[in-house]
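One structure is given below, encoded as structure tokens.
The values are calculated or read from the model by the stated rules, or taken from the named source; none is laboratory data. All values reported here derive from a predicted model rather than from experimental measurement. In this analysis, Cβ positions are derived from the backbone assuming ideal geometry, glycine residues included, and neighbour counts consider all displayed protein chains. When the accessible area is computed, the model is the full protein with side chains, heavy atoms only, and any ligands, DNA or RNA have been set aside. Shrake-Rupley method; radii C 1.70, N 1.55, O 1.52, S 1.80 Å.
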Amino acid sequence: MTRRIAPSVLAADFGRLREQVEQVVGAGARVIHVDVMDGHFVPPLSMGPQVVSALRGVEGITLDVHLMVERPERHVDAFADAGADSISIHAEATPHVHYALQAVRDAGCRAGLAVNPATPLEVFGEVEVDQALCMTVNPGWGGQAFIPASLDRIARLRALIGDGPDLIVDGGIDAATAGPCADAGATLFVAGTAIFSEPDPVAAYARIAAAAGA
Ligand code: DX5
Ligand code: ZN
């Protein structure tokens, strides 16, 4: 399966958001990851559908929305209307996981299910997903260190979902961690700090892409 890097705009300079996104698109990025935090499921607040709308006009990209919000099913339509192409909801954030994934598909988006580092993976045996998001840090903040036990989880998650869906790794992904994640079965590599906090985001993108085999 094709491997791709998804720069996370959480680490971008929001005063130059579109310019920074166009820069990584110039480097080869075709997926942009948008982290939505509600101050409840995770402590911080981050951004809403307006940021998705602001980026929908960028040529040649898909917008991958990661909802770190409680009761995500209540917000799916707002993000789909804003221009999301894929939406991941958290298994821990709703008692209605199947319903929420169906709501994402009904809204015309690819449906993703995300899990925190301590969440059992068995739920992936109960639902169909277009993409599975394995948190490789605790959600809520950029710039954290990759949790090494994630590699075993990635391999088990790949076995559970089969070859079809994308397997997204999110948190602490850089040129050192991307390769082992790829070997374990990851296909979509979210990277924020390792791209946008570097002096040369284009070169940083290229290093991670090479390490991931993207
Ligand atoms: C963390 C977010 C990540 C975050 C990753 O809660 O889901 O997408 O942007 O940031 P880095 O790449 O800095 O670990
Ligand atoms: Zn994310």
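Answer yes if at least one residue in segment 156-171 is within 16 Å of ligand 2 (Cβ to nearest atom), among the acidic types (Asp, Glu) and open to solvent by 50 Å² or more (accessible area, probe 1.4 Å), and no otherwise. Within segment 156-171, not a single residue is within 16 Å of ligand 2 (Cβ to nearest atom), among the acidic types (Asp, Glu) and open to solvent by 50 Å² or more (accessible area, probe 1.4 Å).
How many residues are surrounded by fewer than 17 Cβ atoms within 10 Å (Cβ to Cβ) and of a type outside the set (A, V, I, L, M, F, W, C) if we restrict to segment 141-151? Number satisfying all stated conditions: 3.
In segment 4-40, what residues are among the basic types (Lys, Arg), outside any strand (DSSP E or B) and out of contact with any Gly (no Cβ under 7 Å at 6 or more places or on another chain)?
Passing the criteria: Arg16, Arg18.
Of all residues in segment 106-120, those being open to solvent by 30 Å² or more (accessible area, probe 1.4 Å) and under 12 Å from Ile87 (Cα atoms) number 4.
Are any of the residues in segment 80-96 among the β-branched types (Val, Ile, Thr) and in a helix (DSSP H, G or I)? Within segment 80-96, not a single residue is among the β-branched types (Val, Ile, Thr) and in a helix (DSSP H, G or I). The residues listed here are Val123, Val127; of these, the one that is aliphatic (A, V, I, L, M), in contact with a His (Cβ under 7 Å, 6 or more places away or on another chain) and surrounded by fewer than 20 Cβ atoms within 10 Å (Cβ to Cβ) is Val127. Picking from residues in segment 184-207 that are aliphatic (A, V, I, L, M) and away from ligand 2 (no atom under 15 Å from the Cβ), the one that is surrounded by the fewest Cβ atoms within 10 Å (Cβ to Cβ) is Ala203. In segment 121-141, the residues that are within 13 Å of His66 (Cβ to Cβ) and without any contact (Cβ under 8 Å) to a residue 12 or more places away in the chain never reach a residue that is away from ligand 2 (no atom under 12 Å from the Cβ) and among the polar types (S, T, N, Q) with C-beta atoms less than 6 angstrom apart, at least six apart or across chains. Within segment 5-33, the set of residues being open to solvent by less than 80 Å² (accessible area, probe 1.4 Å) and closer than 13 Å to Asp64 by Cβ comprises Ile5, Ala6, Pro7, Ser8, Val9, Leu10, Val21, Ala29, Val31, Ile32, His33.
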